[in-house]
Amino acid sequence: MSKIFNIYTSLNDIRFEKRVIILGNFDGMHIGHQKLIEKGVKLSQSDSLKSMVFTFYPQIQSLLYNDFKYLMSQNEKYKFLQDHEVNEILSIPFNQEIAKLSYDTFIRDVLIDKLNAYHIVVGYNFTFGYKGYGTVQDLQNYFSKTNVHVIQPVRYEGKIVSSTLIRYLLSQGNISLANKYLGYPFKISGQVIHGQQKGRLIGFPTANIKTESQLLLPKYGVYLGKVSIKKHLKDYLAVISIGRRPTVDNKRDITIEAHLIDFSSDIYNQEITINLLEYMRPIRKYSSMESLKKAIEYDVERALLAQY
């Protein structure tokens, strides 16, 4: 297929034509998800069909758990799928109407009558329909085994890769291993906003970013990472602080601040992406701003020696 890329948020907007449908939540787009996408795209290209990722947003987990946070924003997900040569995305809300659909109604009315699915690509543990009663076997009964492609669990160092495991690793600050499971550095994106400019006073100006509240943050602490800025041709090595600022103030607000090493341009109001590479240390309260300055100097030295 040519590089068509369409995003749909309603089943009624979709033209009826034969497709490869890739089903799943795709929360985080980890290396297991990437196997599904790779298989779906290959099938679409070999059979000259469109590839469509069919997912839900908001996900069911966000309805069941008040504290649920996403690993990736919708815009980042769209860009990721476009970069991986998916032709179409169908992203619809998981709501009561969807939740009440029986698995056979979902197959007949949605996959067949609306999407004209020819190939189906799913993970080994995929379930669907009312209370998740639908299984891979039910898909195979409708589409035949040759047209339902089941991706077996992807393992790294003996463990099955999953969004749940990645969330746990992030909560522990194990960013290096989480990145192995993701297949890319964990990202935090947002707009650069004005802060208190206390970092500038001690010689370490920071880019403070505002990100979406429904996105997951890793364990609070100081990280080594790289920052990409729109319209800039290179990424910048950075020391990033995520959490409260006990040396600067007593506020309970969580801040995300990045000191870009050897960088001095004004980037207020610009969109940046922080790629986290390594957990360096916890945040602590220092006795003075001078002590904080010395700690940041050491962080920068370590970052430069890391040679990322």
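So how compact is region 243-285: Cα radius of gyration and Dmax in angstrom?
12.8, 30
Determine the shape class of region 42-167: with a ≥ b ≥ c the square roots of the Cα gyration tensor eigenvalues, call it rounded for a/c under 1.5, and otherwise prolate if a/b is greater than b/c, oblate otherwise. Don't jump to the answer; show the numbers that get you there.
Working: a/c = 1.32, a/b = 1.13, b/c = 1.17.
Rounded shape, in that the Cα axes give a/c under 1.5.
Work out, step by step, the length gained on full extension between GLU38 and LYS159: first 0.36 nm times the residue separation, then minus their alpha carbon distance; give nm to one decimal.
Once the chain is fully extended between GLU38 and LYS159, it gains 41.5 nm.
For the chain, take the longest principal axis of its alpha carbons; what is the angle in degrees between that and the long axis of helix 74-83, to the nearest 10 within 0 to 90?
70 degrees
Let me spell out the model: positive unit charges on the Cβ of Lys and Arg, negative unit charges on the Cβ of Asp and Glu, origin at the Cα centre of region 7-86. What dipole size does that give, in debye rounded to 20?
180 debye
Give a residue-ordered list of calculated ³J(HN,Hα) values for region 98-108 (Karplus: 6.51 cos²θ - 1.76 cosθ + 1.60, θ = phi - 60°; whole Hz; x for Gly, Pro).
Running phi through 6.51 cos²θ - 1.76 cosθ + 1.60 with θ = phi - 60° gives 5, 4, 8, 5, 5, 5, 6, 5, 4, 5, 5 Hz.
If you place +1 on the Cβ of every Lys and Arg, -1 on the Cβ of every Asp and Glu, and leave all else neutral, what size is the dipole of region 120-232 about its Cα centre, to the nearest 20 Debye?
460 debye
Please work out how many pairs of lysine residues in region 234-308 are eight or more positions apart (or on different chains) and have Cα atoms closer than 23 angstrom.
Numbers: LYS251/LYS285; LYS251/LYS293; LYS251/LYS294; LYS285/LYS293; LYS285/LYS294.
Eligible lysine pairs with Cα atoms under 23 Å apart amount to 5.
Hey, can you grab everything whose amide H is under 5 Å from the amide H of HIS30? Only 5+ residues off in sequence or another chain; H modelled, so Pro and N-termini drop out.
Residues meeting the criterion, in which the H sits 1.01 Å from N, do not exist here.
If you build the Cα gyration tensor of the chain and take the root of 5 times each eigenvalue, what three semi-axes come out, in whole angstrom, biggest first?
Working: eigenvalues 357, 71, 62 Å².
Each semi-axis is √(5λ); the values are 42, 19, 18 Å.
Checking the cross-link filter: which lysines have an alpha carbon closer than 19 Å to that of LYS50, excluding same-chain neighbours under 8 positions apart?
Filter leaves LYS3, LYS18, LYS35, LYS39, LYS42, LYS77, LYS79, LYS114.
Which loop-located trypsin sites (Lys or Arg not before Pro) does region 194-248 contain, where loop means any DSSP state but H, G, I, E or B and the Cβ has at most 14 other Cβ atoms within 10 Å? Could you put the intermediate results ahead of the total?
Details: sites: LYS198, ARG200, LYS210, LYS219, LYS226, LYS230, LYS231, LYS234, ARG244; in loops: LYS219, LYS230, LYS231, LYS234, ARG244.
Answer in residue order: LYS230, LYS231, LYS234.
In whole Hz, with x marking every Gly and Pro, tabulate ³J(HN,Hα) for region 123-129 from phi via Karplus 6.51 cos²θ - 1.76 cosθ + 1.60, θ = phi - 60°.
Coupling constants for region 123-129: x, 4, 10, 5, 10, 7, x Hz.
Ordered by residue, what ³J(HN,Hα) values in Hz, to whole numbers, does region 46-58 give under the Karplus form 6.51 cos²θ - 1.76 cosθ + 1.60, where θ = phi - 60° and Gly and Pro are x?
Values per residue, Gly and Pro as x: 6, 9, 6, 10, 7, 9, 10, 8, 10, 9, 10, 8, x Hz.
Please give every one of the aspartates and glutamates within straight-line cross-link reach of LYS210, meaning a C-alpha to C-alpha distance under 15 Å, and leave out same-chain neighbours fewer than 8 residues apart.
Candidates past the 8-residue exclusion: ASP253, GLU257, GLU271.
Using label points projected 7 Å from each Cα along Cα→Cβ, tell me how many nm separate GLU301 and GLU271, to one decimal.
3.9 nm
Rounded to whole Å and sorted largest first, list the principal axis extents of the Cα atoms in region 96-160.
Extents along the principal axes, in whole Å: 41, 28, 17.
Hey, what number do you get for the chain at 222 nm if only DSSP H runs of n ≥ 4 count, each worth -39500 (n - 2.57), divided across all residues, to the nearest 500?
-7500 deg cm²/dmol
Of ASN12, PHE263, ALA117, whose Cα points farthest to the positive end of the dipole of the chain (charges on the beta-carbon: +1 Lys, Arg; -1 Asp, Glu; origin at the Cα centre)?
Farthest along the dipole direction, towards plus: PHE263.
Rounded, prolate or oblate for region 7-57? Axes are the square roots of the Cα gyration tensor eigenvalues, ordered a ≥ b ≥ c, and the cut-off for rounded is a/c under 1.5. Mind dumping the intermediate values first?
Values: a/c = 3.35, a/b = 1.12, b/c = 2.98.
Oblate.
Values in this text are rule-based calculations from the coordinates and carry no lab data. These numbers come from a predicted model, not from an experiment. All Cβ positions, even for glycine, are placed from backbone atoms using ideal geometry, and neighbour counts span all protein chains on display.
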